[in-house]
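I have placed the structure first, in the form of structure tokens, so that the comments after it can refer back to it.
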Amino acid sequence: MKGKAILAYSGGLDTSCAIKWLKDSYDMGVIAVMAGLGQPGDLEAVKEKALSIGAIDASIYDAREAFAEDYVLPALKANALYEGKYPLATALARPLIGTLLVEEARRHGATAIAHGCTGKGNDQVRFDVTIMALAPDLQIIAPLREWAMSREEELDYAEKHGIPVPVTKQSPYSTDENLWGRSCEAGPLEDPDQEPPEDAYEWTASPLDAPDTPQYVAIGFEAGKPVSLDGETMEFLELVSRLNEAGGSHGVGRLDMIENRLVGIKSREIYEAPAACILIEAHKALEALTLTREVLHFKPLLEQKFAELVYYGLWHEPLRAAIASFVDSTQERVSGTVRVKLYKGACTVVGRKSAFSLYDHALATYDKSDEFHHRSSEGFIELWGLPLKVWGGAGRS
Ligand code: ARG
């Protein structure tokens, strides 16, 4: 055998065939790695499957905590939404999985890392670039970019080699999920003019079937981090999963978008991200109350860049960390409580309060307690408008 390869294993048909294919084509022993990121499913069973197909070793890593704290939280503080919409669940997970793969390679003295990404998606870029940044010496193998098998040929290949194939009717969708959201593409979604069929959704109730009474949730933040739910202090990870439940039951967090992939393709994706949608809305609302106008107007420029870098697989680009530092420096006073109403697919901020609130009732009110000095505006406007007054008069005589 010519060394060992670490394979990011999901238990699906592609990565199952990859175990056998890597052995045959590269003469490598395959070590399967499974990362627990809050996706449903039994990872122990997945591990057993890898071993039964011929992996020489297999390990499960529960990376939920690290994912929530080190990847999701910086994204939340940056209100990170690719193209203004997608909360980046899959994109954030890839650099973490890449890190686990590199660590596993070092533990086993492996010389290669393999993954089951196709040649036309974003995820291959994210895995490859992460591995290139962390371990430039390791070989990267993406069997799906190399074997020219169609779906049918792959099923034949699996059958020929005794690889268990899915017995249930194959779903037309391609999905990915972790605690920050679920993505779904392909099948009927490839017609961008067709409304997503209800069976494309798994995390969220249809707003039509959602409860007729709204649910209010109160989210407590400290320095930009959610720390409590309805007054109960809790870990960020737990809070995210509770909001996925609550939001999902009210049909909150469904997104339907045409997105620009890094490799130049426009694709139609739907997402379900109840917690991400609720938390980003709530976080923005608290920022609106506690940050100055200048910070509020400037920060989104960097937020957009942060989201792009994450989407493009550039988690390790120094600019990403630099933006995260800037974002952190703005969060010191983003503490307080935001009340959000979940109702029939909508999540609406209905209240916000903070010890650092910059909202001054005496300045804002129109009633008799008004303390704003109206006459000061005269002089302010005189100078503010002076350049335009000069411009407006120029060339008139
Ligand atoms: N388009 C999203 C991204 O690039 C999600 C892709 C996840 N894969 C899937 N089969 N749905 O981050």
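The reciprocal of the average 1/r between distinct C-alpha atoms defines the Kirkwood hydrodynamic radius, which for the chain equals 23.5 Å. By the Cα gyration tensor, segment 121-261 has an equivalent ellipsoid whose semi-axes, rounded to whole angstrom, run 36, 24, 15 from largest to smallest.
Which order do the peptides 300-306, 50-56, 147-153, 349-355 take when ranked by the mean count of other beta-carbon atoms within 10 Å per residue, highest first?
Details: 300-306: 17.0, 50-56: 19.0, 147-153: 11.0, 349-355: 14.3.
Highest-to-lowest ranking by the protection proxy: 50-56, 300-306, 349-355, 147-153.
Inter-part distance, segment 123-181 to segment 39-89, computed on C-alpha centroids, equals 15 Å. Most fluctuating residue of F127, F236, F326 in a GNM of the chain with Cα springs under 10 Å: which is it? Of the options given, F326 has the highest mean-square fluctuation.
Please give me the summed charge of the neighbours of S228: other residues whose Cβ is under 13 Å from its Cβ, Lys and Arg +1, Asp and Glu -1.
On the way: positive: K225, R242, R339; negative: E222, D230, E232, E235, E238.
With Lys, Arg at +1 and Asp, Glu at -1, the neighbours total -2.
If the segment from R293 to E198 were pulled out straight at 0.36 nm per residue, it would be longer than the present Cα-Cα gap by 30.0 nm.
Distance between the modelled labels on V263 and W384, one decimal in nanometres: 5.2 nm (7 Å Cα→Cβ projection).
The charge dipole of the chain, taken about its Cα centre with unit charges on the Cβ of Lys, Arg, Asp and Glu (plus for the first two, minus for the last two), comes to roughly 1020 debye. Among 378-387, 174-183, 216-225, sorting by the average number of other beta carbon atoms lying within 10 angstrom of each residue, highest first, gives 174-183, 216-225, 378-387. Annotation: the antiparallel percentage among DSSP beta bridges lying fully within the chain is about 70. Classified by the C-alpha gyration tensor, segment 58-127 has an oblate form. Its axis ratio a/c, with a ≥ b ≥ c, is 1.5 or above, and a/b does not exceed b/c. When peptides 340-348, 246-254, 158-166 are ranked by their average number of other Cβ atoms within 10 Å per residue, the highest-first order is 246-254, 340-348, 158-166.
Set the bar at 18 Å for Cα to Cα. Now go through K2/K23; K225/K284; K225/K341; K225/K353 and name every pair that lies beyond it.
K225/K341
Cross-link reach is defined here as a Cα-Cα straight distance under 24 Å, omitting same-chain residues fewer than 8 places apart; for K389 none of the lysines meet it. Counting only residues at least eight positions apart within a chain, or on another chain, the lysines with an alpha carbon under 17 Å from that of K120 are K266. Cα-based values for segment 250-397, radius of gyration first and Dmax second, are 21.6, 66 Å.
Any read-out appearing in this document is the output of simple, stated calculations on the displayed coordinates, not a laboratory observation. Predicted model only: the values in this text are computed from it and were never measured. All Cβ positions, even for glycine, are placed from backbone atoms using ideal geometry, and neighbour counts span all protein chains on display.
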